Amino acid sequence: MKHFALPLLVAIVVLHQACFHARQVEAGDGFVRARGIHFLLNGSPYYANGFNAYWLMYMASDPSQRHEVSAAFREASSHGLTVARTWAFSDGGYRPLQYSPGSYNEQMFQGLDFVIAEARRYGIKLILSLVNDYENFGGKKQYVNWARSRGQYLTSDDDFFRNAVVKGFYKNHVKTILYRYNGFTGVHYKDDPTIMAWELMNEPRCTSDASGRTIQAWIMEMASFVKSIDRNHLLEVGLEGFYGQSTPQRKGLNPGFDIGTDFIANNRIPGIDFATIHSYPDQWVSSSNNQYQLSFLSSWLNSHIQDAQYVLRKPLLLTEFGKSWKDPGFSTYQRDQLFNMVYYKVYASAKRGGAAAGSLFWQLLTEGMDSFRDGYEVVLSQSPSTANVIAYQSHKLYQIRKIFARMRNVDRWNRARSAHNRGTPNGN
């Protein structure tokens, strides 16, 4: 057990202080909470070893394909994975969830209902993203086009963040999702602890306003709107983690992108409960060799973990990372190296009681889903070495939770004993 020795005991003391102040009313309700730089579940620290599977609702909307969803959750669960991130949107186009503003395809919605029910069955929490920045599955472009068709004069897809009509469409979608009644579970989404968090948007970008003011105002408005309906769930923005105008000294860490987001300012907004980052060194610094890409990743993770801990004072999740087999010179060993680095950084922070609360690789597929392969996919049954790396991280994070739970039980027993002794004459 040397892996979990002294540094872990230091973390336990830190976490012990943070967690015992969780209100008892929240202790057993199954919702993941944020307290300072930690996630808590039922009063114990919670760490997310997880995966992305954007396709879950799409597949589940066809009852003959639902077995793929069940298989993914079953395989994930058997490797200790506890969180899945997926889309709660599909706007316009082929097999949409929302085929026009405020009009929904019930069959697709039942697919999402099934996803939530199956996640609960396999003990997996969900992060549900509410819209895409990109055109895939509609995104902000579709929202802007809907507004144009209703007479709005819009010159840029970035008007998604500025135009009152478009913002009204988005708010209506948020409301529709949050108030949705799940026929499989009998629970409204906003009341379902299977959902860990809402994500405002997948990778928001506003290149037309590099100052960051446009996206900052949009996040403030939408975070407030979500929280006005649902205070049970955590909320995050969907950021990739690029630094902005509020920390010019950090902008040198960015891979040359200036897209109108600001990791510090955006995550400081009230209502945003935890910070997220993504990392794709093979895309972001693609002209460099594997060693440089790993070095970039190391710096990226270190700076964001540090800033989440000491500046934001909020938990941090790495909600997307991966390495594509389409890259020149790819080997499974290189992918495992990258996974190992991410997992080491997360675990090293967690065992110190730090802000890194987990990571979600992109993306999990099951066998037979070849049309969904994008280069980054992991099919656990076909990737034994990567599957082992993933399962080992799950085990290590579980150890932290288990040791803490043991200490919490000892603490409860001591308090009960002292209360009993106080109530007994002469302490006998």
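Annotations
- Selection status of Ala265, in contact (Cβ under 8 Å) with a residue 24 or more places away in the chain and touching a strand residue (DSSP E or B) at 6+ places or on another chain (Cβ under 9 Å): no
- Within the range 343-392, the residues that satisfy the criterion of being buried (at least 21 other Cβ atoms within 10 Å of the Cβ) and among the basic types (Lys, Arg) are Lys345, Lys351.
- Candidate set from the range 99-130 (those that are aliphatic (A, V, I, L, M) and within 21 Å of Ser359 (Cα to Cα)); member that is surrounded by the most Cβ atoms within 10 Å (Cβ to Cβ): Val115
- Scope the range 326-340; condition surrounded by 15 or more Cβ atoms within 10 Å (Cβ to Cβ) and not polar (S, T, N, Q); matching residues: Asp327, Phe330, Arg335, Asp336, Leu338, Phe339
- Of residues in the range 147-166 being part of a loop (DSSP other than H, G, I, E, B) and not charged (D, E, K, R), the one nearest to Thr207 (Cα to Cα): Ser156
- The listed residue being part of a loop (DSSP other than H, G, I, E, B) and touching a His at 6+ places or on another chain (Cβ under 9 Å), out of Gly80, Gly30: Gly80
- Some residue of the range 315-324 being assigned to a strand (DSSP E or B), buried (at least 18 other Cβ atoms within 10 Å of the Cβ), β-branched (Val, Ile, Thr) and in contact with a strand residue (DSSP E or B) (Cβ under 9 Å, 6 or more places away or on another chain): yes
- Residue match in the range 352-370 (condition: modelled with pLDDT under 95, hydroxyl-bearing (Ser, Thr, Tyr) and within 20 Å of Met57 (Cβ to Cβ)): no
- All positions within the range 176-187 that are more than 11 Å from Asp113 (Cβ to Cβ) and of a type outside the set (Phe, Trp, Tyr): Thr176, Ile177, Leu178
- The selection criterion, being of a type in the set (Val, Ile, Thr), in a loop (DSSP other than H, G, I, E, B), surrounded by fewer than 19 Cβ atoms within 10 Å (Cβ to Cβ) and at pLDDT 95 or above, does not hold for Thr176.
- Scan of the range 179-207 for residues that are free of Cβ contacts under 8 Å to residues at least 60 places away in the same chain and in a helix (DSSP H, G or I), ordered by number: Lys190, Asp191
- For the range 43-65, the tally of residues that are assigned to a loop (DSSP other than H, G, I, E, B) and under 17 Å from the mean Cα position of the chain (by Cα) stands at 4.
- Odd one out for Val165 among (1) over 28 Å from His67 (Cα atoms); (2) buried (at least 17 other Cβ atoms within 10 Å of the Cβ); (3) under 23 Å from the mean Cα position of the chain (by Cα): (3)
- For the range 98-130, the candidate set comprises residues that are in contact with an Asp or Glu (Cβ under 7 Å, 6 or more places away or on another chain) and aliphatic (A, V, I, L, M); within that set, the residue that is nearest to Ser61 (Cα to Cα) is Ile116.
- For the range 226-239, a tally of residues being of a type outside the set (D, E, K, R), farther than 23 Å from Phe321 by Cβ and either touching a residue at least 12 places away in the same chain (Cβ under 8 Å) or buried (at least 18 other Cβ atoms within 10 Å of the Cβ) (or both) returns 4.
- Unique match (being modelled with pLDDT under 95, surrounded by fewer than 22 Cβ atoms within 10 Å (Cβ to Cβ) and outside any strand (DSSP E or B)) among Ala210, Ala217, Ala223: Ala210
- Residues in the range 248-287 that are over 29 Å from Ser224 (Cα atoms) and among the hydrophobic types (A, V, I, L, M, F, W, C): Leu253, Trp284, Val285.
- Scanning the range 105-146 for residues that are assigned to a helix (DSSP H, G or I) and among the basic types (Lys, Arg) gives Arg120, Arg121, Lys140, Lys141.
- With respect to being of a type outside the set (Gly, Ala, Ser) and more than 25 Å from Ser64 (Cα to Cα), Tyr153 fits the description.
Conditions (1) within 25 Å of Thr86 (Cα to Cα); (2) not aliphatic (A, V, I, L, M), marked per residue:
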{"position": "Tyr333", "(1), (2)": "no, yes"}
{"position": "Leu338", "(1), (2)": "yes, no"}
{"position": "Tyr347", "(1), (2)": "yes, yes"}
{"position": "Asp370", "(1), (2)": "yes, yes"}
{"position": "Val410", "(1), (2)": "no, no"}
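The values are calculated or read from the model by the stated rules, or taken from the named source; none is laboratory data. Model, not experiment: these values are computed from the prediction. Virtual Cβ from ideal backbone geometry, glycine too; neighbours counted across all protein chains shown.
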